[in-house]
Amino acid sequence: MSWGEALSKYPLRPLGCGLSPALEQVDVEADTQYRIAGVRGFGNGAFPRDAISGNETSYKTLNRLRAGNLVMSRLKAFEGAIAFVPEELDGYCASAEFPTFEVVKSEAEPRYLKHLCSWPTFWQMLQGESKGIGARRERVSAQRLLSIEVPLPGLSEQRRVADKLDILMSKFDTTVALSPGSENSRRLAVAGLDQVLGRWATGTVRVDDACALVSDTVHPGDDPSPAREFVGLEHIAPHFGTRIGSRPLGDEKGRKFRFASGDVLYGYLRPYLNKVWLADRAGLCSVEQYVLRPNGIMPGELLAAGLRSKSTLDKVLNATHNLQLPRLRSGLLMAMEIPRIPRDRHKQAVADLNAFMQKVRTLDDRQRHRDDLLTAVRPALLNAAFSGQL
């Protein structure tokens, strides 16, 4: 029994009852420019691509898109790459991999079908029509699309459902746009460090005056003790200074750096990710991380916070933004300046810093939970709509 038969009170009818093929093929001329459009996956709609000239494609014909028609990526339809063509893309072209359809308005309400195409359960139906795995997955043909049975009530009911979904989705989009998300907590975590450190600082200090760069290299087969685990870049959360994983030692390939509890690990590959961690244990790390050992001028907590702060991150971005694969050279990092906090303020500054980070991490957890809930709202509304419960 299919999903629709089990849960929808609406009659299941082939999608071909409400759609019909509407191909408008254009012969490709070598010296002609063509405006090209694509279709994003997961219900994110059609979009313009760079224009091409006829001699840049091997296709003999292209499909002309018309506003209000449906266009589908045969290759990625099962991932939600199916959408109605907006007015601004009227007249654009797509390859033969993008068949187009028009709505049979005596049988189907275009807004109802538009919402149907954004329904994850509908994508699962398309997935069932596509065989294979990954790149070997077969394309969804136009005939397969039109043969899929979907909840398709009478026109008046389609319009009622579409009216409700239009209102609910508009309110939902407004709520998402106005609500702070996890990106806001990330910005707060980075920018707030400058304010916290600034309350206690009396000046600045070069990084190499506050710590030493340690390169204790361990090769495969060497005794790694006292290290028992590996903490690589993938185990450090961006911007928050927290470790989110590790793996036991045993099958290391290539050299690693050994670090001790109290060292600061700084990820210099793609430094915009801002992966800085104050180690609470001994271990091995990637050679794409610098091991910085505080020399006593400032505790590791304040050193790590200074390196993770927005002011330092801005300098790092300025130094690496034009690199294809950004890496921050050790000389640049060690010459940077961070807030200098005198010894008699260390205890209060660390307590202030820990309290701030605790609040920010709690906020981040809540905003991530909120993001998860919002992500679940849209499919829940569509499930209700197409099961006849809206």
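The values are calculated or read from the model by the stated rules, or taken from the named source; none is laboratory data. Everything numeric in this text was worked out from a predicted model, so none of it was measured. So basically every Cβ, Gly included, is an ideal-geometry build from the backbone, and we count neighbours across all protein chains shown. Accessible surface is based on the protein model in full, side chains and every heavy atom, while ligands, DNA and RNA are left aside. Shrake-Rupley method; radii C 1.70, N 1.55, O 1.52, S 1.80 Å.
Computed quantities for the displayed model
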item: Inverse mean reciprocal Cα-Cα distance (Kirkwood Rh) of the stretch 306-390, Å; result: 17.5
item: Top of Gly43, Gly181, Gly154 by mean-square fluctuation, Gaussian network on the chain, Cα under 10 Å; result: Gly154
item: Among Phe122, Gln143, Pro99 the positive-end extreme of the charge dipole of the chain (Cβ point charges); result: Phe122
item: Heavy atoms of Tyr268 accessible to a 1.4 Å probe, total area in Å² rounded to 10; result: 40
item: Coarse-grained scattering of the stretch 94-245 at q = 0.12 Å⁻¹, given as base-10 log I(q)/I(0) from a Debye sum over alpha-carbon atoms; result: -0.86
item: Hull volume in cubic angstrom per residue (convex hull over the Cα atoms of the chain); result: 198
item: Size of charge dipole - the chain - debye, nearest 20, with Cβ of Lys, Arg +1 and Asp, Glu -1, no other charges; result: 840
item: Along principal axes, Cα extents of the stretch 32-92, largest first, whole Å; result: 31, 24, 17
item: Residues in the stretch 40-73 reached by a label modelled at Val104 [backbone nitrogen below 16 Å; 7 Å Cα→Cβ]; result: 70
item: Rg [Å, one decimal], Dmax [Å, integer] - the stretch 168-325, C-alpha atoms; result: 18.0, 62
item: Whole-angstrom Cα spans of the stretch 216-302 along principal axes, big to small; result: 35, 27, 18
item: Dipole axis of the stretch 235-378 (+1 Lys, Arg; -1 Asp, Glu on Cβ), positive-most option in Leu249, Val264, Ala355; result: Leu249
item: Set of lysines near Lys105 by C-alpha distance (under 20 Å), chain-local residues within fewer than 8 positions excluded; result: Lys114, Lys164
item: Whichever lysines have a C-alpha closer than 24 Å to that of Lys347, once near sequence neighbours (fewer than 8 apart) are set aside; result: Lys310, Lys359
item: Cα-based Rg and Dmax for the stretch 1-103, where Dmax is the largest Cα-Cα distance (Å); result: 15.7, 55
item: Rounded to 10°, Cα long-axis angle of helix 310-320 versus longest principal axis of the chain; result: 70
item: Straight-distance crosslink candidates among lysines, where the alpha carbon sits under 21 Å from Lys256 and sequence neighbours closer than 8 are dropped; result: Lys275
item: Mean Cβ neighbour count within 10 Å, used as a protection proxy, ranking 351-359, 60-68 highest first; result: 60-68, 351-359
item: In nm, spacing of pseudo-spin labels at Thr32 and Arg199 (7 Å Cα→C-beta vector); result: 6.8
